[in-house]
1. In the set Val20, Val32, Val43, which member is surrounded by 12 or more Cβ atoms within 10 Å (Cβ to Cβ), in a loop (DSSP other than H, G, I, E, B), free of Cβ contacts under 8 Å to residues at least 24 places away in the same chain and at negative phi?
2. Taking the criterion of being open to solvent by 30 Å² or more (accessible area, probe 1.4 Å) and part of a helix (DSSP H, G or I), would at least one residue in segment 218-237 satisfy it?
3. Residue under question is Ala169, and the condition is that it be assigned to a loop (DSSP other than H, G, I, E, B), modelled with pLDDT of 95 or more and of a type in the set (A, V, I, L, M); does it hold?
4. Out of Glu151, Glu140, Glu175, Glu170, which single residue is under 14 Å from Gly111 (Cα atoms), of a type outside the set (Lys, Arg) and open to solvent by 20 Å² or more (accessible area, probe 1.4 Å)?
5. Tell me which residues, restricted to segment 46-73, are closer than 24 Å to Leu14 by Cβ, open to solvent by less than 40 Å² (accessible area, probe 1.4 Å) and touching a residue at least 60 places away in the same chain (Cβ under 8 Å).
6. Does Leu257 satisfy being among the aliphatic types (A, V, I, L, M) and buried (at least 17 other Cβ atoms within 10 Å of the Cβ)?
7. Only one of Trp87, Trp66, Trp82 is within 21 Å of the chain's Cα centre (by Cα), at pLDDT 95 or above and closer than 24 Å to Glu283 by Cα; which?
8. Do we find a residue being in a loop (DSSP other than H, G, I, E, B), of a type outside the set (S, T, N, Q) and either modelled with pLDDT under 95 or under 24 Å from the mean Cα position of the chain (by Cα) (or both) anywhere in segment 280-288?
Amino acid sequence: MGWIETTGGYAIALDGTRVVCRNAAGRALKQVPPKLKDDAEVVRLRQLAEWLERHERECREQVDTWLVRSLPVPVALLARVWPDEAWQSALRDLVVAPVAADGSAETERAGFLRNADPARGLGIVDLDGDSVWLDAAEVETVLIPHPVLLEELADLREFAAELGVEQGAEQLFREVWRRPEGAGDITGGASGGGGTAQDWRAYADGKFAQLRHATARAVSLGYRVRGGQAVCPLVENGRQLEAAYWLGDDYPESETLTGSLEWRDKAGRRLPLTEVGPVAWSEGERMAALVYAGRVVESDEEKAL
């Protein structure tokens, strides 16, 4: 964006999403002078900057939703939004794969997204390092696979580093968790009682000085809090699920200990751990781990008292 003249010989412009200013002599200033705070052009430009920041955030959040929920994305849609820098920043270099007949990702045809065109389709760098196009006439929809579904993830990460890939949305370098063997058995470390385990207590007993600290942390990480639990909506193989991590339901100022992590279907039925798919498990445990990391950690001396 070019410079916009304003009062007193000053000029303002946008540098990304930041309003910058220069004086009448053309020297760049560290900040916009306070006397220009209420200038109409400054106000207008700051409102635009706020909108651009919000737009960039919404684009990243939408792409993250496509990834986490394994939602098929039309190639025509990607081609339409690609000219928008915010969308392109969120999408560029993500691993995309055509949708197979059974709804899964054709990972053998996957590649790093580099271009999108309404007529030609998607330009990718395939996993052999060649630049190719996924023809729009042949490939109508693609998936942005969750990293837990990608075979040889470590090799892909190494290849991405060689290509200088910098993903705007977390995909390849997103932390993944896999269900441990025996996690579905009561004797494998979940809750007590008979039958198949339905909760995972690896992140239980995390202490927060106040419940509101735990809920605020969950919200700041992008999760909803409902009924004393941090909740992450998910879709696995077309099935709507949610992961729920207990934070507490006492007064906001009261001390709290985190509880178990569980998964539920659309009807609210708690799932046996053995029924939780790889994406739902990874994202549920990711939520619990991120919230749990903000707990109060006592030193050895404090524990001894």
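1. After applying the criteria, what remains is Val32.
2. Looking through segment 218-237, at least one residue is open to solvent by 30 Å² or more (accessible area, probe 1.4 Å) and part of a helix (DSSP H, G or I).
3. Details: assigned to a loop (DSSP other than H, G, I, E, B): yes; modelled with pLDDT of 95 or more: no; of a type in the set (A, V, I, L, M): yes.
It is false that Ala169 is assigned to a loop (DSSP other than H, G, I, E, B), modelled with pLDDT of 95 or more and of a type in the set (A, V, I, L, M).
4. Testing whether each residue is under 14 Å from Gly111 (Cα atoms), of a type outside the set (Lys, Arg) and open to solvent by 20 Å² or more (accessible area, probe 1.4 Å) leaves just Glu151.
5. Taking segment 46-73 as the starting set, the residues that turn out to be closer than 24 Å to Leu14 by Cβ are 46-63.
Now restrict to residues that are open to solvent by less than 40 Å² (accessible area, probe 1.4 Å): 49, 55, 59, 63.
Residue satisfying the conditions is Val63 alone.
6. Numbers: among the aliphatic types (A, V, I, L, M): yes; buried (at least 17 other Cβ atoms within 10 Å of the Cβ): no.
Here the answer is no, as Leu257 does not meet what is asked.
7. Numbers: Trp66 fails: at pLDDT 95 or above; Trp82 fails: closer than 24 Å to Glu283 by Cα.
None of the others qualify; the one that does is Trp87.
8. No: zero hits.
The values are calculated or read from the model by the stated rules, or taken from the named source; none is laboratory data. Everything numeric here is computed off the predicted structure, so don't read it as measured data. Please note: Cβ atoms are built from the backbone with ideal geometry, for glycine as well, and neighbour counts cover all protein chains shown. Calculation scope for accessible area: heavy atoms of the full protein, side chains included, ligands and nucleic acids excluded. Shrake-Rupley method; radii C 1.70, N 1.55, O 1.52, S 1.80 Å.
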